[in-house]
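Take a look at the structure set out below.
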Amino acid sequence: MDLREIIRNSETTVFGHEPVQESLNLKNEIKQFSIDPLEEYIEKVNDLESNMFCGDVGRYLQSFSWYQLSLKRTLNIASITKRYNSEVKYHPKNQKYSNRQKQIVEVYKQFVPYGELDFQNLLIHSYLLLERTIALSRRFLTLEELPSFTSFSKHKNFFKKSSTKNLSDNDYGKYISNKTDWFEIPLKVLRDKYLMHSAEKHLLYHGWSPDANCDLTMTVILLNLSSSQEEHLKNVKVIQFSPRRLARDINEFLIRFSSFALQTI
């Protein structure tokens, strides 16, 4: 079933990421998610040809670099927007800015106009990173039947639909099947249905989650298209996308993937 129909047919209203509750320490968070969990595995593989000539290793390293650059920009947007709102936005018009406030305004002007672009770029490069990560699983999966190594969606569906004893007992397959629901919603549905392909009518906005005022999220509202225009905003469904939550999901996935891969060396 189409992911949008699954969302619409559910009794749940809000889908996607749970906002991150912790305050954002920009320096620490950028540092944490700039470390590649697959670094040890790639060093042990030591495939210099694949790295140099854009084989599976080279393409993975490229996509991880693009992903972390995209993530860094969205984290910066969240940080500077928070500072701007708390220290500048409601500053009296008849009073001069302090030096700190002037700096905040300058940084705000640099980052915020690109906010929507950067959030969308993060969707694209996160998706790309996942597909280039599972390409590396060709090096350690030894099953009689093998999944797709180019499509994360097909790769996952292979393990979900598998009925043979060998596949159902495979720890890697279990993890991909049961612990990556965040891939379909919000990542895949937003990337496929509202970014890359012709999208239906919807509303999109960026703002602070009411449950976590340190997490700047992108929210897509699926309109009630079966009713009259006046009722489009009744009984709507909401998909939340949080760069901070996605970073945690992907980091956990890469750590687990690296663990499975290292067991084969």
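None of the figures in this text is laboratory data; all of them are computed from the coordinates on show. In this text the structure is predicted, and so the values were computed from the model without any measurement. Cβ: placed from backbone, ideal geometry, glycine included. Neighbour counts: every protein chain shown.
In straight-distance terms, cross-link reach from K193 covers every one of the lysines whose alpha-carbon lies under 18 Å from its own, apart from those fewer than eight places away in the same chain; here that gives K154, K201, K237. Round to a whole angstrom and tell me the spacing of the C-alpha centers of the stretch 190-265 and the stretch 1-77. Distance between centres, Cα-based: 14 Å.
For the pair N25 and D2, label points projected 7 Å from Cα toward Cβ lie 4.5 nm apart.
Relative to the longest principal axis of the C-alpha atoms of the chain, give the angle of the C-alpha long axis of helix 152-161, reported between 0 and 90° and rounded to the nearest 10°. The two axes meet at around 60 degrees.
The simple spin-label model puts a point 7 Å past each Cα toward its Cβ; for E184 and E18 those points are separated by 1.9 nm.
Within a straight-line Cα-Cα reach of under 27 Å, K109 can be paired with the following lysines, leaving aside sequence neighbours fewer than 8 residues apart in one chain: K27, K31, K72, K82, K89, K93, K96.
The phi torsions of the stretch 37-47, fed into the Karplus equation with coefficients 6.51, -1.76 and 1.60 and a -60° offset, translate into couplings of x, 8, 4, 5, 4, 5, 5, 6, 4, 6, 9 Hz, rounded to whole numbers, with Gly and Pro shown as x.
If the viscosity is 0.692 mPa s and the temperature 37 °C, what Stokes-Einstein diffusion coefficient in µm²/s follows for the stretch 176-265 when Rh is the Kirkwood radius over Cα pairs?
On the way: Rh = 15.3 Å.
For these conditions, the coefficient is 214 µm²/s.
For L262 paired with L69, estimate the spin-label separation in nm (one decimal), with each label point 7 Å from Cα along the Cα-to-Cβ line. Label-label distance for L262 and L69, simple model: 2.8 nm. If a spin label sat at a point 7 angstrom from the Cα of E116 along the line to its beta carbon, the backbone N atoms of the stretch 200-215 nearer than 15 Å would be those of 200-207. Net charge dipole, the stretch 3-262: roughly 760 debye, given to the nearest 20, about the Cα centre with Cβ charges of +1 for Lys and Arg and -1 for Asp and Glu.
Per residue, the convex hull around the alpha carbon atoms of the stretch 1-40 comes to 136 Å³.
Defining a contact as two alpha carbons under 8 Å apart and six or more residues distant in sequence, what relative contact order in percent does the stretch 3-262 show? After rounding, I find 31 percent. Note on the stretch 25-127: Kirkwood radius taken over Cα pairs, Stokes-Einstein applied at 20 °C and 1.002 mPa s, translational D equal to 134 µm² s⁻¹.
The value obtained for the stretch 46-196, namely the Cα convex hull volume divided by the number of residues, is 156 Å³ per residue.
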